[in-house]
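Notes follow the structure.
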Amino acid sequence: MSHRPLPIVYAILLVSVSAYAVEVEPSRLELSISPEKPTHGELQISNHSSKVVGVRVSSGAYRSAQPGLKLPSCEDWLSFKPDRFTLAAGAATTVLYSVTPPSNVVEDTAGEYLAAIQVDQLPVNPASSQASNITLIPRIALPVYLMIKGKERVDLEISQIQVSVTQSSEKLLRIDSTLKNRGTIHLRPSGTFALFQSGGDLLRAGPLGKSIPVLPAATLTIPSILPLPPPARYRLVITVEPQAEKVLQREISFEVTKNGQVILEKGGT
């Protein structure tokens, strides 16, 4: 009785850049493009392993960590040359990319379109391996943000500030700063908090927590943790810079009670 060989199954594995034999520069594309003509650029792809590797470059969907958003896609706008090749150990090559917007982008109201550039590391001789019927294909996904010239509008607000006491062995003050992107392009805002005593003296200041890109129409809450201050009244000022030379501020006042609770005062700006 003869046995037919089992087919080799391929699986895509998303991995970090540090675990990938192939390295890609830049690590993301953030371009301001004309809606009326193609845009061209380069990717530098290098092989840092000691073996020959195959590489495949393609476009894919943008994967957002902020669910529920309607993200205009530019996945079909991207093309690559070459899009499949091999790299010797220690070798590098240049891949040319082209971005060709469709004609209806001129009339569209969206200010930004999103996609991903997928770089797969392929086995060079997959059929020669008898160790397993499953071959894992590592993939790097580079986010792509294409902003349309003339439709780029920055409009970010600090929609809410909340303070609370963490329920842990050591009481800490948690600051939640909620940002709302009302503009047409994604933002990477930086910000700070400043905690003042009731007399006006600065008690503590520092950066807000790390922010992922805030996409259009997205709401993002950035937490900051600091030691719970002694019982007293305080004023908290949040400062956010959505872009260079543009500063937003909002403040609240609250009281830390003797039993370690936080009471918000009405009002704020």
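The values are calculated or read from the model by the stated rules, or taken from the named source; none is laboratory data. Given the structure is predicted, the values throughout are model-derived calculations rather than measurements. Backbone-built Cβ (ideal geometry, glycine too); neighbour counts: all protein chains shown.
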Return the pair list, or none, for Cβ contacts closer than 6 Å from residues in the stretch 222-240 that are farther than 15 Å from ASP176 by Cβ to residues that are of a type in the set (Val, Ile, Thr) and part of a strand (DSSP E or B), at least 6 apart or on different chains. PRO229/VAL256; PRO231/VAL256; THR239/THR192
Of all residues in the stretch 193-214, count the ones that are surrounded by 16 or more Cβ atoms within 10 Å (Cβ to Cβ) and either charged (D, E, K, R) or modelled with pLDDT under 95 (or both). 4
Here the residues within the stretch 19-39 that are touching a strand residue (DSSP E or B) at 6+ places or on another chain (Cβ under 6 Å) and not in a loop (DSSP other than H, G, I, E, B) are VAL22, GLU23, VAL24, GLU25, LEU29, GLU30, LEU31, SER32, ILE33, THR39
Please verify whether the stretch 131-151 includes one or more residues that are under 28 Å from LYS266 (Cβ atoms) and crowded, with 19+ Cβ neighbours inside 10 Å. no
Hey, can you tell me all the residues within the stretch 164-189 that are touching a residue at least 60 places away in the same chain (Cβ under 8 Å), surrounded by fewer than 21 Cβ atoms within 10 Å (Cβ to Cβ) and closer than 17 Å to ILE252 by Cβ? SER164, VAL165
Of the residues that sit in the stretch 71-122 and are of a type in the set (Phe, Trp, Tyr) and either buried (at least 16 other Cβ atoms within 10 Å of the Cβ) or not in a strand (DSSP E or B) (or both), which one is nearest to the chain's Cα centre (by Cα)? TYR113
Out of all the residues in the stretch 217-224, is one or more more than 17 Å from the chain's Cα centre (by Cα) and either exposed (fewer than 13 other Cβ atoms within 10 Å of the Cβ) or not aliphatic (A, V, I, L, M) (or both)? yes
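When the residues of the stretch 25-70 are filtered to those that are of a type in the set (A, V, I, L, M) and buried (at least 17 other Cβ atoms within 10 Å of the Cβ), which remaining residue is farthest from ILE140 (Cα to Cα)? Explain how you work it out, then say what you get.
Of the residues in the stretch 25-70, the ones of a type in the set (A, V, I, L, M) are 29, 31, 33, 43, 45, 52-53, 55, 57, 61, 65, 69.
Applying the additional criterion that residues be buried (at least 17 other Cβ atoms within 10 Å of the Cβ) yields 29, 33, 43, 45, 53, 55, 57.
Numbers: LEU29: 13, ILE33: 24, LEU43: 13, ILE45: 11, VAL53: 14, VAL55: 11, VAL57: 10 Å.
Here the answer is ILE33.
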